[in-house]
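Asks: My questions all concern the structure below.
The values are calculated or read from the model by the stated rules, or taken from the named source; none is laboratory data. The shown structure was predicted, so the numbers you read here are calculated from the model rather than taken from an experiment. Quick reminder, even Gly has a Cβ in these numbers, built from the backbone with ideal geometry, and neighbours come from all protein chains shown.
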Amino acid sequence: MQAAMDFFNTPANYLWIYLLVFTSILGFEVISKVPTILHTPLMSGSNAISGIVIVGAILLVRQADPNDYFTLIMGFLGVTLGMVNAAGGFFVTDRMLQMFKKKTK
Amino acid sequence: MQAAMDFFNTPANYLWIYLLVFTSILGFEVISKVPTILHTPLMSGSNAISGIVIVGAILLVRQADPNDYFTLIMGFLGVTLGMVNAAGGFFVTDRMLQMFKKKTK
Amino acid sequence: MLLSIVNLAFLIGAVLFVRGLSMLSSPETARKGNIYAGAIGMGLAILGSIFAPAAKLGAAEVHNNYIWILAGMLVGGSIGYYASYKVKMTAMPQMVAIFNGLGGATAVLLAMVEFNNFYSADVPEGGMGALLSSALALIIGGVAFTGSMIAFLKLEEVIKDNFLVIPKFHTYLNLLLLAVMLGLAVWVVAMGDKGEMWMAIVFMVVALYYGISFVVPIGGADMPVVIALLNTFSGLSAASAGLIYDSKIMVVGGLLVGASGMILTLLMCRAMNRSLLNVLIGGFGGGGAAGKAGTGEQVVKEVSMNDAAIQLNYSKSVVFVPGYGLAVAQAQKVCKEIEDILEANGVEVRYAIHPVAGRMPGHMNVLLAEADVPYPKLLDLDDANSFLANADIAVIVGANDVVNPAALDDPSSPIYGMPILRVWDAKHVIVLKRSMNPGYAGIQNPLFFHDRTRMLFGDAKDTLTKLVSELKSL
Amino acid sequence: MLLSIVNLAFLIGAVLFVRGLSMLSSPETARKGNIYAGAIGMGLAILGSIFAPAAKLGAAEVHNNYIWILAGMLVGGSIGYYASYKVKMTAMPQMVAIFNGLGGATAVLLAMVEFNNFYSADVPEGGMGALLSSALALIIGGVAFTGSMIAFLKLEEVIKDNFLVIPKFHTYLNLLLLAVMLGLAVWVVAMGDKGEMWMAIVFMVVALYYGISFVVPIGGADMPVVIALLNTFSGLSAASAGLIYDSKIMVVGGLLVGASGMILTLLMCRAMNRSLLNVLIGGFGGGGAAGKAGTGEQVVKEVSMNDAAIQLNYSKSVVFVPGYGLAVAQAQKVCKEIEDILEANGVEVRYAIHPVAGRMPGHMNVLLAEADVPYPKLLDLDDANSFLANADIAVIVGANDVVNPAALDDPSSPIYGMPILRVWDAKHVIVLKRSMNPGYAGIQNPLFFHDRTRMLFGDAKDTLTKLVSELKSL
Ligand SMILES: NC(=O)c1ccc[n+]([C@@H]2O[C@H](COP(=O)([O-])OP(=O)(O)OC[C@H]3O[C@@H](n4cnc5c(N)ncnc54)[C@H](OP(=O)(O)O)[C@@H]3O)[C@@H](O)[C@H]2O)c1
Ligand SMILES: NC(=O)c1ccc[n+]([C@@H]2O[C@H](COP(=O)([O-])OP(=O)(O)OC[C@H]3O[C@@H](n4cnc5c(N)ncnc54)[C@H](OP(=O)(O)O)[C@@H]3O)[C@@H](O)[C@H]2O)c1
């Protein structure tokens, strides 16, 4: 308990908590404005953003020892999966939104 | 220039910058939803929030040496002015919004 | 200098995520928004992490191993690109489910490597913070991973609703698993550097199993809600992994996904008039064959193709009510064709869009947009109900649950209380479906036995195509 | 433990600021929102800073000196409370200006003390960060302080538009001052601990003087825009002071105020169809007596009280167009009384609200809310213009610039291009004002010479009160 409180009160961690709280609120504010007709693209588009884990995987591979195959393979898998998520999500969303576009003509 | 970049790149400062950027965006998102009819209360209500400087003044007085009259008087002034801003702003906004309230009956 | 550029790139990337999502709130800017967030923002993040100097990584040595990264990106990018162009619009929920799962899996990988590094280091770095964020990434990512896979398999109907379920006690089993998982998390974090790798492995196994056990008893009909919820999880797991790497852009991106998934989850629950808890532990749809009874006694009236065409042609206003069947039959373009013919004859045509018609939020909108239906013709629930009150004909194209009057008047029905489209307010109702089979909720629909209702059996696309030629020959 | 509670209180306070402001977006929740943000949020922040343990302050010793704090709070609270109950709704801009100034002044005080501590310490704490945030608080707070005071004095008409202004070169003077001020800031920060207190004092003097010089040449008519801008500054100065004290709640609160001020500034500029730059350096209103000419030649037609009453009574629809004069005369309640009488006779009554009518954004809405006019009767610019096209009578109650047709058809007019209310589209126009004096922009209004226009001179409240008795006696 004490340890948890100390953790929370460390200035750097406490600053992180502010960032977490306010970014979450921002997320809710921004996304609650999206109208129903765009909910499918929202779902796939925001899903694509969760491919951001790829950043972690890239940093992991870069730090790995060239002989540490465990880490390298895990990292490679991470980069691959993250990229499928990011690229696939982006392209499918674009494909959908292209349809919405056409009607403005 | 180098000093400025180092400053920006220090992890703690960099984290602060995120908080600054995202809180500002959040502010714009939240406030741009306020309709014209409530702009006067918004002006005075948000103005009241700028009375938050009182926090700084309080911390200042608490740290001052009891014989350091320069700091004490500056701090006292700060607390007073901040309090006028916060309390005055709050009450005047409340007074205004009370009028808006009445019409729902 | 490089560090400043990289830091700035990350910051701009994170801002673009927010900006892109907020541009999604209007059809005019949506496509650009996706490009801002999904291409430029993500691109900056990837470039930033590839070129970040050693100082940013907080590592003494950096070996780069760029070949591994490039290989992963090429493989992943190609699969993603290929999948996105192959997938049918009807299969979007499955696609999102798989992507969720992949994001979650990546978070699990990262967490396990971090545990491994932590325990194998002489002086573990990061202390409680490192363990806490790894534990979070592991739990949330693990549940997102296996949960999404089960959701995918359920949607593909590879596994059935009663697969692996212990009928009465599954809820208790899940609560037990949850408690064990959280207990393990606290234990691992509290042990600090006295912990060992096997603890993390046990923890991972439990988290992965919990994901399976959590989703397995939920009825197939509720999968879209579950997928949106797992979307939240995959976002939060990315955010937790971001804490491991002290990466703000991962945290911001992850939280945005989390917020989006949560909003969609709650929205679907509200549209079905059920609480999230009810979806997660409640039976609905899980029972599977709750309906189907009582078909024998009542009589269903059919209408001929020709009669239907004449009725449509001489009406003043027609409302199409699309549902999941429209998606299955891919009938949206033919539907638009009929709209054009009718409008040319002066008939007023609208589409009534129920918020949970189809299999994901906004499903019908995407399909009709694909067919070039202008969106002012799409009415939402309230507008549609008031329009229906004065409409001549309602044509139900493969919808079922969303037009089931039992939701209004039969308290024993599992969908009782869900707001629905009051199609029987129109003077005539024509229902296009292939059989008397029930919809996703698995229950019979009294609407089909209503006096004003006429059935037109057959695949929606076939039927509509025939209607087009009938209409043209009138 | 105490530290955790204090930290949590600050966090909750900051969240309440956001929540409160977002509740301001609907009249139903607005009052509660103000209580969340202004009372509970601020209360938590104050309590937190009073009880924060020494560790939070980052100081070895804490002397508390609670008596000074208590005294300041009592004095400040009483003044604030008293002022808020004394101020007339018409004087809101002045009040906001003063409060802005106080916030800015506090930030200046804090920055100066920080400089003093920094330079007098053996080993200065905080380095570049401390100097940078103090410099920011000093600049922004200083400008907000003196700028607001000048804005206040201008609104109270204590100082005139040409006071202290060097006619042609003032813009250059300001640019020079700005450059000097920023140069000083860079110098102070770059010198680091080699700096001395006198540098900070020079810096402060320049900043305070810049605030004066910045606002002095701006025309009285543009004061509301300036005040909103200074509101932004006071918020940002609070945020900068927050950086000095490493206080997140000050930063969050300050930034929210900054965003709000900025939005209001841009909104007013847009409603006047001018850029912010044009307001800040451009002459409009500054010239003062640009209008007033040409009154002699054209003829103004008056209407008698009795005729006006009859016209109103037998019309089908009446639009009131309130302006600053309504506020000055405090005529909102009588106006509502006339509305009630007319509506009882079956006349449709609406209010046309121009976004910059009065002296601050939303000014008219507050006044009419005070008189219990239901807000669906308040039409915004576009709705009002389409309603006016079919209205029988437009009654201008102390408005002038916002109904000036020169904005549409006279490219030489200083207000050309500003969107206005097209009152002359109504069948008859009745103008209530005291004289032929121009409005805030200081220019003559061709509307008063229009065929359809009849003047009804006198204080708006008197005139309307007389109209009430005429109407009752009909
Ligand atoms: N949209 C969402 O976000 C969401 C989220 C959660 C849950 N759900 C659930 O999904 C359901 C959606 O309701 P709904 O009315 O759209 O669909 P539904 O109730 O699932 O009914 C679909 C109907 O389409 C017919 N059909 C299938 N293929 C067809 C074809 N090729 N041609 C013609 N008809 C065909 C089926 O009957 P036949 O087999 O006889 O042809 C079935 O009756 C609701 O229960 C809702 O709660 C949706
Ligand atoms: N609202 C804002 O946020 C905002 C912001 C920036 C600028 N402004 C500026 O403020 C102006 C607002 O326009 P406006 O049409 O509301 O007001 P206005 O143009 O300032 O005109 C006010 C009129 O009210 C009359 N008046 C004053 N006291 C009166 C009384 N007791 N009884 C009857 N009439 C009285 C005055 O004429 P007499 O003296 O002859 O009676 C004057 O013509 C615009 O120029 C706008 O750009 C407003």
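Asks: Among the numbered criteria (1) in contact with a Cys (Cβ under 8 Å, 6 or more places away or on another chain); (2) not in a helix (DSSP H, G or I), which single criterion is violated by D:L326?
Replies: The single condition D:L326 does not satisfy is (2).
Asks: Scan region D:45-63 and tell me whether some residue there is buried (at least 16 other Cβ atoms within 10 Å of the Cβ) and of a type in the set (K, R).
Replies: Yes, because at least one residue in region D:45-63 is buried (at least 16 other Cβ atoms within 10 Å of the Cβ) and of a type in the set (K, R).
Asks: Go through region C:420-457 and count every residue that is within 7 Å of ligand 1 (Cβ to nearest atom) and at positive phi.
Replies: Selection size over region C:420-457: 0.
Asks: A follow-up question, please. Show me the helices (runs of 4 or more DSSP H) entirely contained within region A:53-105 in which 1 or more residues are free of Cβ contacts under 8 Å to residues at least 60 places away in the same chain, under 22 Å from C:A130 (Cα atoms) and more than 7 Å from chain C (Cβ to nearest Cβ).
Replies: Correct list: A:69-83.
Asks: Could you check, for region D:75-94, whether at least one of its residues is within 23 Å of D:S247 (Cα to Cα) and surrounded by fewer than 23 Cβ atoms within 10 Å (Cβ to Cβ)?
Replies: yes
Asks: For region B:24-37, does any single residue satisfy the condition of being modelled with pLDDT under 90, more than 27 Å from D:S260 (Cα to Cα) and facing chain D (nearest Cβ under 7 Å)?
Replies: no
Asks: Working carefully through the options C:L447, C:L456, C:L408, find the one that is touching a residue at least 60 places away in the same chain (Cβ under 8 Å) and more than 16 Å from ligand 2 (Cβ to nearest atom).
Replies: One residue alone meets the criteria, C:L456.
Asks: Restricting attention to region C:383-412, and to residues there that are assigned to a loop (DSSP other than H, G, I, E, B), more than 12 Å from ligand 1 (Cβ to nearest atom) and polar (S, T, N, Q), which single residue is nearest to C:F449 (Cα to Cα)?
Replies: If we take residues in region C:383-412 being assigned to a loop (DSSP other than H, G, I, E, B), more than 12 Å from ligand 1 (Cβ to nearest atom) and polar (S, T, N, Q), then C:S412 is nearest to C:F449 (Cα to Cα).
Asks: Test D:N404 against the stated conditions and say whether it is under 29 Å from D:P224 (Cα atoms) and outside the structural domain of D:A271 (by TED's automatic domain parsing).
Replies: Yes: the conditions hold for D:N404.
Asks: Continuing with this model, one more query. Just checking, does region C:127-138 include any residue being within 30 Å of C:A59 (Cβ to Cβ), in contact (Cβ under 8 Å) with a residue 60 or more places away in the chain and surrounded by fewer than 16 Cβ atoms within 10 Å (Cβ to Cβ)?
Replies: Yes, some residue in region C:127-138 is within 30 Å of C:A59 (Cβ to Cβ), in contact (Cβ under 8 Å) with a residue 60 or more places away in the chain and surrounded by fewer than 16 Cβ atoms within 10 Å (Cβ to Cβ).
Asks: Something else now. Mind listing just one residue for me: the one in region C:345-363 that is touching a Ser or Thr at 6+ places or on another chain (Cβ under 9 Å) and within 16 Å of ligand 1 (Cβ to nearest atom) and, of those, farthest from A:S44 (Cα to Cα)?
Replies: Per the criteria, the residue is C:I353.
Asks: Counting just the residues of region A:24-40 that are away from ligand 1 (no atom under 16 Å from the Cβ) and hydroxyl-bearing (S, T, Y), which one comes out nearest to C:I353 (Cα to Cα)?
Replies: A:S32
Asks: Ok, one more. What's the number of the only condition in (1) surrounded by fewer than 21 Cβ atoms within 10 Å (Cβ to Cβ); (2) more than 7 Å from chain A (Cβ to nearest Cβ) that C:F10 fails to meet?
Replies: With (1) surrounded by fewer than 21 Cβ atoms within 10 Å (Cβ to Cβ); (2) more than 7 Å from chain A (Cβ to nearest Cβ) applied to C:F10, the lone miss is (1).
Asks: Of everything in region D:340-363, what is more than 26 Å from the chain's Cα centre (by Cα) and either within 11 Å of ligand 2 (Cβ to nearest atom) or in contact (Cβ under 8 Å) with a residue 60 or more places away in the chain (or both)? Give them in sequence order.
Replies: D:I341, D:L342, listed by residue number.
Asks: Just give me the residues in region C:429-444 being surrounded by fewer than 20 Cβ atoms within 10 Å (Cβ to Cβ) and either in a strand (DSSP E or B) or in contact (Cβ under 8 Å) with a residue 24 or more places away in the chain (or both), in sequence order.
Replies: Scanning region C:429-444 gives C:R434, C:M436, C:P438.
Asks: Quick check: anything in region C:216-223 within 14 Å of chain A (Cβ to nearest Cβ) and either in a helix (DSSP H, G or I) or not acidic (D, E) (or both)?
Replies: Within region C:216-223 (the criterion being within 14 Å of chain A (Cβ to nearest Cβ) and either in a helix (DSSP H, G or I) or not acidic (D, E) (or both)), the answer is yes, since at least one residue qualifies.
Asks: Being under 27 Å from B:V30 (Cβ atoms), in a helix (DSSP H, G or I) and touching a Phe, Trp or Tyr at 6+ places or on another chain (Cβ under 6 Å) narrows it down to one residue among C:G20, C:G33, C:G13; which is it?
Replies: Checking each option against the conditions leaves just C:G20.
Asks: In addition: Take the residues in region D:224-262 that are within 22 Å of D:I150 (Cα to Cα) and β-branched (V, I, T); name whichever of them is nearest to the other protein chains (Cβ to nearest Cβ).
Replies: So, considering only residues that are within 22 Å of D:I150 (Cα to Cα) and β-branched (V, I, T), the one nearest to the other protein chains (Cβ to nearest Cβ) is D:V257.
Asks: For B:M74, indicate whether it is under 20 Å from D:I40 (Cα atoms) and of a type outside the set (G, A, S).
Replies: no
Asks: Residue under question is D:L368, and the condition is that it be within 11 Å of ligand 2 (Cβ to nearest atom), in a helix (DSSP H, G or I), buried (at least 24 other Cβ atoms within 10 Å of the Cβ) and of a type in the set (A, V, I, L, M); does it hold?
Replies: Against the criterion (within 11 Å of ligand 2 (Cβ to nearest atom), in a helix (DSSP H, G or I), buried (at least 24 other Cβ atoms within 10 Å of the Cβ) and of a type in the set (A, V, I, L, M)), D:L368 does not qualify.
Asks: Please tell me if D:D401 is touching a helix residue (DSSP H, G or I) at 6+ places or on another chain (Cβ under 9 Å), over 21 Å from D:Y324 (Cβ atoms) and not aliphatic (A, V, I, L, M).
Replies: No: the conditions fail for D:D401.
Asks: Also, I was wondering about something else. For region D:58-98, which positions are in contact (Cβ under 8 Å) with a residue 60 or more places away in the chain and either facing chain B (nearest Cβ under 7 Å) or more than 14 Å from the chain's Cα centre (by Cα) (or both)?
Replies: Passing the criteria: D:G58, D:K88, D:M92, D:V96.
Asks: Mind listing whichever residues of region C:24-43 are surrounded by 21 or more Cβ atoms within 10 Å (Cβ to Cβ) and either more than 7 Å from every other protein chain (Cβ to nearest Cβ) or among the β-branched types (V, I, T) (or both)?
Replies: C:G33, C:Y36, C:G41 - these are the residues of region C:24-43 that are surrounded by 21 or more Cβ atoms within 10 Å (Cβ to Cβ) and either more than 7 Å from every other protein chain (Cβ to nearest Cβ) or among the β-branched types (V, I, T) (or both).
Condition check ((1) within 20 Å of D:D459 (Cα to Cα); (2) β-branched (V, I, T)) across all residues:
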residue: D:A384; (1), (2): no, no
residue: D:F387; (1), (2): no, no
residue: D:V397; (1), (2): yes, yes
residue: D:N400; (1), (2): yes, no
residue: D:L408; (1), (2): no, no
residue: D:P411; (1), (2): no, no
residue: D:M418; (1), (2): no, no
residue: D:V423; (1), (2): no, yes
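For every residue, the table says whether it meets (1) at pLDDT below 90; (2) buried (at least 16 other Cβ atoms within 10 Å of the Cβ); (3) in contact with a Lys or Arg (Cβ under 7 Å, 6 or more places away or on another chain).
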| position | (1), (2), (3) |
| --- | --- |
| D:P374 | yes, no, yes |
| D:D380 | yes, no, no |
| D:D383 | no, no, no |
| D:S386 | no, no, no |
| D:A389 | no, no, no |
| D:V397 | no, yes, no |
| D:V402 | no, yes, no |
| D:P414 | yes, yes, no |
| D:P419 | yes, yes, no |
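Asks: For residues in region C:314-339 being within 14 Å of chain A (Cβ to nearest Cβ) and among the basic types (K, R), which is farthest from ligand 2 (Cβ to nearest atom)?
Replies: My answer is C:K333.
Asks: Looking only at region A:25-58, count every residue that is more than 15 Å from the chain's Cα centre (by Cα) and farther than 30 Å from C:P376 by Cα and tell me the total.
Replies: Count: 1.
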